[in-house]
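Below is one structure; the comments refer to it alone.
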Amino acid sequence: MDVSKEQRLLKVFAIISLIFGIVSFLFGVLMIAGGGIAIGNVENITTDTTASAEEVAEFSALFIVGGLVTIFSGITSIIDWAFLKRVAADATKYKPAWVVSIVSVVLGCLSVIASIANHSEPKDLVGNIIALVINVFIFYLVNKVKKSVVA
């Protein structure tokens, strides 16, 4: 079977997705470790700074929750990699990648809306818009592969 240019581009995006997934996963682990270290050293932190034990606990909890979300993001990027890699290798296996790309576009739209509603910093909004554009482009590529298989 001939590999289309869309499949070659999907292979590139699959590699990018894998790299981002691994990096996100590692950052999530580091965030959880940092939150745990802060909780374990509440006494030292409160004596060395003006922070109260309550503030350190809240900060640590936020770090741990943020780490869990970042790990989840990394895992979904790795799943995206697996599906995009399958489509890049065999166009007939487009269905899981097609569904995941639709979900990614919807979640990207929600992220942009949330950034606007929360009056986020411009850099956060721009990052969410860039992620949305990439997800829309991936959906476009997968959809083109789908149409070529169905036709």
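Numbers for the structure displayed
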item	result
Vicinal HN-Hα couplings computed from phi for region 53-60 (Karplus, 6.51 cos²θ - 1.76 cosθ + 1.60; Hz; Gly/Pro x)	4, 5, 5, 5, 5, 5, 4, 5
Helical mean residue ellipticity (222 nm; -39500 (n - 2.57) per DSSP H run of 4+; nearest 500) of the chain	-31000 deg cm²/dmol
Contour excess over end-to-end distance, with Cα ends at Ala61 and Ser4 and 0.36 nm allotted per residue	15.8 nm
Per-pair calculated FRET efficiency, R0 = 25 Å: Val29 and Ile134 via Cβ, rounded to 0.05	0.55
In nm, spacing of pseudo-spin labels at Leu107 and Lys11 (7 Å Cα→C-beta vector)	2.6 nm
Estimated inter-spin distance, Ser120 and Ala89, nm [label 7 Å along Cα→Cβ]	3.4 nm
HN-Hα J in Hz across region 133-138 - Karplus 6.51, -1.76, 1.60, θ = phi - 60°, x for Gly and Pro	4, 4, 5, 5, 5, 4
Cross-link pairs Lys11/Lys147; Lys85/Lys144; Lys93/Lys123; Lys123/Lys147 - those with Cα-Cα distance over 27 Å	Lys93/Lys123; Lys123/Lys147
Angle between the chain longest axis and helix 5-40 axis [Cα atoms, degrees, rounded to 10]	10 degrees
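Quick note: the coordinates plus some simple rules give every number you see, no bench work behind them. All of these numbers come straight from a predicted model, not from anything done at the bench. Cβ atoms come from the backbone with ideal geometry, glycine included; neighbour counts cover every protein chain shown.
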